[in-house]
Every structure is written in C-alpha cells, then in structure tokens.
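Novice: Questions regarding the structure given below will be posed in turn.
The values are calculated or read from the model by the stated rules, or taken from the named source; none is laboratory data. If you're wondering where the values come from, they're calculated on a predicted model, not measured in any experiment. Here the Cβ positions follow ideal geometry from the backbone for every residue, glycine too, while neighbour counts run over all protein chains shown. For the accessible areas, the whole protein counts, side chains as well, though only heavy atoms, and no ligand, DNA or RNA atoms are used. Shrake-Rupley method; radii C 1.70, N 1.55, O 1.52, S 1.80 Å.
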Amino acid sequence: MEVEKRTVSAERRNLLLTMEDEKDEKDFDDENYYSELQGNDDNGDKNPIIHVARDHVTVTLIFAVSSAVWGSFQFGYNTGVVNAPQMLIETFINDTYKSRYNVKFMPEDRIQFLWAFIVAIFSIGGLFGSFCAGKIANAVGRSHGMLFSTVLSILAGLLMWFSKQASSYEMLVIGRFIIGFYCGISTGLVPMYLSEIAPTNLRGAVGVFHQLFVTIGVLVSQILGLNEILGTEQYWPLLLGLTIIPAVYQILTLPFCPESPRYLLFNKQKVKESEKALQRLRGTLYVMSDMKEMKEEYEKEKKEEKTSVIGLFKIESLRRPLVISVVLQISQQFSGINVVLYYSTLLFISAGISEKNSQYATVSTGITLVVFTLISVPLMDRVGRRTLHLSGLAGMICAATTLTLGLILLKYDVWNGAAIISIISTIVFVASFSIGPGSIPWLIVVELFAHGERAAAMSVAYPINWLSNFLVGISFPALLSALNAYVFLLYIVLLLFFWLFTFKFVPETKNKSFEEIVSIFRQQSMKDYGTSDVTDKDKPS
C-alpha cells in the first residue's frame, strides 16, 4: 500500500480541512490547489498531511460492489434457469394449447419451436438491452442506471411467475424478453461501474466480481432446478420468478452506493460531488492523486470532440482497441464453453452415471465455474489480464483436444476409460475458461477506452457478445448433428485463432491507469502513421 504519513499540528490540520470545505468547483482548474492542500513543513519541503491509501479496500467499496454484482447474478441465473424445467415447460405449453383451442395436442414441431423461441428470446432481449447500456450510463449515471433498470427485472419475474396460473405461455415469452433486456443493460453497467470505482491496482480483482456472480447465478439456477427443490411441475414458475429477489435487494441498497466519481466529473462536471464520492470509496478525505489523475484526463477530453460509434471506426487509435474488444467478446462465446456445458450431462451418462444422478454431476461444472473464477480474483492484478487470458485459452485448447479424442473413442467403443478422460477434460475446459476468457472480455472493454469513448465502445462490443451467444445457441444442434463426436474440432481451430490474436495484439493493462492504457494505442498509431488521430482519409496510400 502506497502510504505516506506526517504528524502535523492541530492548527495546520484544521486550516487544511477548512480549505477542503471551502473549495469551490471553479477552483478545480487551479494548479495551486493541490500544492496548497499538500502543504509544506517548516523547512519548506512538501509533505502530505495525512496518509493517502489508494489501494485501500473500504467498507463503502465492498458495499457498492456487493450491491452492483446482483445484476451480474441475474444474467447467470436467467441464462441457466430454463434448462432443468425444459420438459415441464413443454408440457405446460401443450396443456395450455389443448385447453385454449379444445384439441388433443399441439404438434410436436410447434412445441419445439416455442421452446427454442423462449430460450432464444432471452439473447435477443440482451442484444437490445446492451445497445442501450451506454446511453443509460451517460444519461442517468452508473448506479442510477442499475437502480432504475431493476423495475424491468421485477416486471419480468412477475410475468414468468404467474404465466402458468394465467395459462399463458405468451407471458413466459414476454418475461424472458424483458429479463434479457434487463441483463443486457446490466452486463454493460456493472463492469463499467466496478472498474470506475476501484483503485487502479485493484481494478482487475474488483472487475472479476462481475463474472464471478454470473457463475454463481448459473450454479444457483442448477441447484434450485433439481427435482428435489424447485424443478417440479408445481414450483417451476416460482423458479423463474425468483429473479425478483436480487432486484428487490438492489432497490434497497443501490440508493446508498456512491455514484461513479468519473461520471460525476466527466459527464456532470460536479467536481465537489465527484471528490466526495471518491473520499467515501477510498475511506479518506485526501484523494489528491486520484483527483489529479482524473483532472488530467478530463482536461485532455475537453479539448477533443465527443466520439460516436462511427468515430470509433474512423480513428486509428480507437479502432485498434475496438477490434480487440470485439474479438475478445466473440472468443468468450465461440470458445465452446456453452457447448461443453450442454454436453456435460451426456458425458456423465456415458461414464456410467445414471440419468437421474447425472443432474447432480452436472452441478459440478457450475461449482468449477465458481471456484476457478474466485481463484482468478487475486491473480488478475498479480499475473495480469493478458497472461491469464492466454493461459486460459491454452488450457481450453488442450482440454478440447483430449475431449475430442475421448468422444471418438467412445463413439467406436474402443476403450471404456475414454469416458473418464472426457469427464476430466470437461472439468479442465470449464476451469480454464473461468481463469481468463470468462471474465477478461467484460473487463477489457472498459479498460481500453478513455471515459469519452467508453459508452460508444460498449454499444458495439457488448451487443456482439449477445449476438454471438445467440448464434452459438442456434447453430450447435445442427453442428452436433453434422459432426457428432468431431464437433469440438471446429472450436479447437477457433481457440487457436483467439490465442494467436491475443498474443499478437492484446496489451497488458495490469496496474495501469486508464490514461496510460489509452496512450499505448496513441503511441502505436503515431508509430504507424505519424499521428494519434489517423482517419481513413488521412492514411498514406
């Protein structure tokens, strides 16, 4: 911890505290303010008045993180919650149709279509919600955006909860779309908020909590979906409606969380409120270093025009990080993780586990997601994002290779032990994903852009993630039918490409300020084209 201490007289302390209280926003641009607040001792040497702890984990920081991440939890929970009650929901659709139209049954192909639509509409809602996340973040703020959007979660939960009682599968479809829209907003706002309230040297660890609670949401949905708990004909509507609980918790806690200091300064020009928010988060009145860092970035941004989505593609120093952000979002979904999670039940059955007990074994994949994401929290700011992402992708390549070998041996009944190899490969694959590729794509979008371009970058990268999620979901059944045991060969090729791309283009952002990260791309543009703001028309032919 970077700590500096000094013993001062009570008179000097009171004088400086008075200066702090009387400081007006117009004085923010006064370069002398920071030197005055810092003070001089009797020998004229500068010496800070009291300790300044930039890496201090405070109660306020913990409270803010623990409130925000329940939006991440809902993303994970609603992603996995429909898997366990699939047969029950299909029966509900058929019974509702028979009762409504007085027929013997609904055609099987129509039931399958409605089921697929209920699953897919979640991703469509997320796609539209992620488009809106950046605009909401800039319009009402990060914490207020999360607070206001909880209304959508409660509305969706009520629709899904009472869909069976109302004999309306349309309510289920609408509820899934709305909760998807809410999760699209949350996947934009939560990583942004966490990164902006965290100290620089803890930003990676704090940012991982978004993915950690996504995995916890998946695990909780798997456990509650067991037949002995809520995965029954009577309680499956409640299983879907439980998304209301974390939304209510956020309504009760988010009003007490400080707004992002960067939003208050950059978007609202409220210097005093920004400083007070920073003081709450850091647990000290003396936040000169952080304020000075933000001030320098703010002054540079004031001299530049606001960047639109189109501007991200025109300016070379922004196009590079945008491409990196988009490719990493694609890598998260097209890594094959959803395929492995889908395949896990079949793998456990092939290893000799009964179909009834296979659902318990499948929960082990959820536990693996949570445990290894938790392990990545302290590693993120020690090992670094780039190293963890490369290591995770490498582990997934090896695991996918042995998994493919195991599936081929199982298909031709060559060796009974192949089932065990396949199960171990599945666990290793999930663990490797959790170490890096699971969390880093969410974090990297926020880190690679300055404050003024961040919302626009989110509006491009996060919808790509949701679109990729949707494409993987609808393409996998056809791929499985066509390739069978060789289906993972496609994902091995994709993983190799993602590893090479990361190795070549992704910079390390560990312990770097936002301005330092942005300068990496500016310097690269100057090296290539002689300017940091190269547009297509300015490039040499």
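Novice: Which distance in nm do the two modelled labels at Leu374 and Ser519 give, with both placed 7 Å along the Cα-to-Cβ direction?
Specialist: Roughly 3.9 nm, to one decimal.
Novice: Same structure again: Given labels modelled 7 Å from the Cα in the Cβ direction, how far is it in nm from Asn227 to Phe503?
Specialist: Those two pseudo-labels are separated by 4.8 nm.
Novice: For the stretch 384-538, give the percent of accessible area contributed by carbon and sulfur heavy atoms, probe 1.4 Å, rounded to a whole number. Present the calculation step by step, with values, prior to reporting the outcome.
Specialist: Values: 4140 of 6190 Å².
In the stretch 384-538, the share of accessible area belonging to carbon and sulfur is 67 percent.
Novice: Using 0.36 nm per residue of separation minus the Cα-Cα distance, give me the extension gain between Gln234 and Lys356 in nm, one decimal. Can you show the working numbers first?
Specialist: Working: separation 122, 0.36 × 122 = 43.92 nm, distance 1.93 nm.
Taking 0.36 nm per residue and subtracting the Cα distance, the gain is 42.0 nm.
Novice: May I pose another question? So, taking all protein chains as they sit and a 1.4 Å probe, how much accessible area belongs to Tyr412, in Å² rounded to tens?
Specialist: 130 Å²
Novice: What FRET efficiency comes out for the pair Val323/Phe113, r = Cβ-Cβ distance, R0 = 41 Å, nearest 0.05?
Specialist: Numbers: r = 36 Å, r/R0 = 0.89.
In this case the efficiency is close to 0.65.
Novice: While we're on this one: How much accessible area does Leu147 have with a 1.4 Å probe, in Å² rounded to the nearest 10?
Specialist: My reading of the accessible area for Leu147 is about 30 Å².
Novice: Given 0.36 nm per residue, what is the gain on full extension from Ala394 to Lys268 after removing their alpha carbon distance, in nm?
Specialist: On the way: separation 126, 0.36 × 126 = 45.36 nm, distance 4.37 nm.
Computed gain between Ala394 and Lys268 is 41.0 nm.
Novice: What distance in nm separates the two pseudo spin-label positions at Val248 and Leu489, each 7 Å out from Cα along the beta-carbon direction?
Specialist: Roughly 5.3 nm, to one decimal.
Novice: Please report, as a whole percent, how much of the solvent-accessible surface of the stretch 186-258 comes from carbon and sulfur atoms (probe radius 1.4 Å).
Specialist: On the way: 1580 of 2180 Å².
About 72 percent, which is the carbon plus sulfur part of the accessible surface.
Novice: Sticking with this structure for a sec: In the stretch 211-314, which GluC sites (Glu not before Pro) fall in coil by DSSP and have 14 or fewer other Cβ atoms within 10 Å?
Specialist: Working: sites: Glu228, Glu233, Glu259, Glu273, Glu275, Glu293, Glu296, Glu297, Glu299, Glu301, Glu304, Glu305; in loops: Glu228, Glu233, Glu259, Glu304, Glu305.
Those that pass, being in a loop and sparsely packed, are Glu228, Glu233, Glu304, Glu305.
Novice: Right, another one. If Lys and Arg each add +1 and Asp and Glu each add -1, what is the summed charge of the other residues whose beta carbon sits under 10 Å from the beta carbon of Thr387? Don't skip to the end; give the middle numbers.
Specialist: Numbers: positive: Arg382, Arg385, Arg386, Lys510; negative: Glu508.
So the environment of Thr387 carries a net charge of +3.
Novice: For each pair in Lys292/Lys504; Lys411/Lys504; Lys356/Lys411; Lys302/Lys504; Lys268/Lys510, compute the distance between the two Cα atoms and list the pairs where it is over 26 Å.
Specialist: With Cα atoms farther than 26 Å apart: Lys292/Lys504; Lys411/Lys504; Lys302/Lys504; Lys268/Lys510.
Novice: Something else now. Can you give the FRET efficiency for Phe256 and Lys300, using 1/(1 + (r/R0)^6), R0 = 51 Å, r = Cβ-Cβ distance, to the nearest 0.05? List each step's numbers first, then the result.
Specialist: On the way: r = 33 Å, r/R0 = 0.64.
So, using R0 = 51 Å, E works out to roughly 0.95.
Novice: Between Lys292 and Leu496, what is the FRET efficiency for a Förster distance of 51 Å, r being their Cβ-Cβ separation, to the nearest 0.05? Please list the in-between numbers first.
Specialist: Details: r = 44 Å, r/R0 = 0.86.
Computed FRET efficiency for Lys292 and Leu496: 0.70.
Novice: Kindly list the residues of the stretch 196-210 that lie in the label zone of Thr58, defined by a backbone N under 17 Å from the point 7 Å along the Cα-to-C-beta vector.
Specialist: Residues passing the 17 Å test: 196-203, 206.
Novice: While we're here: Let me see the P(r) profile for the stretch 395-509: every Cα-Cα distance counted, bins of 5 Å, each bin given as a percent of all pairs.
Specialist: Each 5 Å bin holds this share of Cα pairs: 2, 10, 15, 19, 19, 13, 9, 6, 4, 2, 1, 0.
Novice: Going 7 Å from the Cα of Leu479 in the Cα-to-Cβ direction, what parts of the stretch 393-425 have a backbone nitrogen less than 14 Å from that spot?
Specialist: Residues 397, 400-401, 404 fall inside that zone.
Novice: Shifting gears a bit: Give, rounded to the nearest 20 debye, the magnitude of the charge dipole that the stretch 98-204 has about its Cα centre when Lys and Arg contribute +1 at Cβ and Asp and Glu contribute -1 at Cβ.
Specialist: Numbers: 9 positive and 4 negative charges, 40 e Å.
Dipole of the stretch 98-204, to the nearest 20 debye: 200 debye.
Novice: At 0.36 nm per residue, and after removing the present C-alpha to C-alpha distance, how many nm does the segment from Leu158 to Phe105 gain when stretched out fully? All intermediate terms of the calculation are to be shown ahead of the outcome.
Specialist: Values: separation 53, 0.36 × 53 = 19.08 nm, distance 2.76 nm.
Gain in length upon complete extension: 16.3 nm.
Novice: Further question: Determine the per residue accessible area of the stretch 136-213 with all protein chains present and a 1.4 angstrom probe, expressed in square angstrom. Each step should come with its number before you reach the end.
Specialist: Details: 2150 Å² over 78 residues.
On a per-residue basis, 28 Å².
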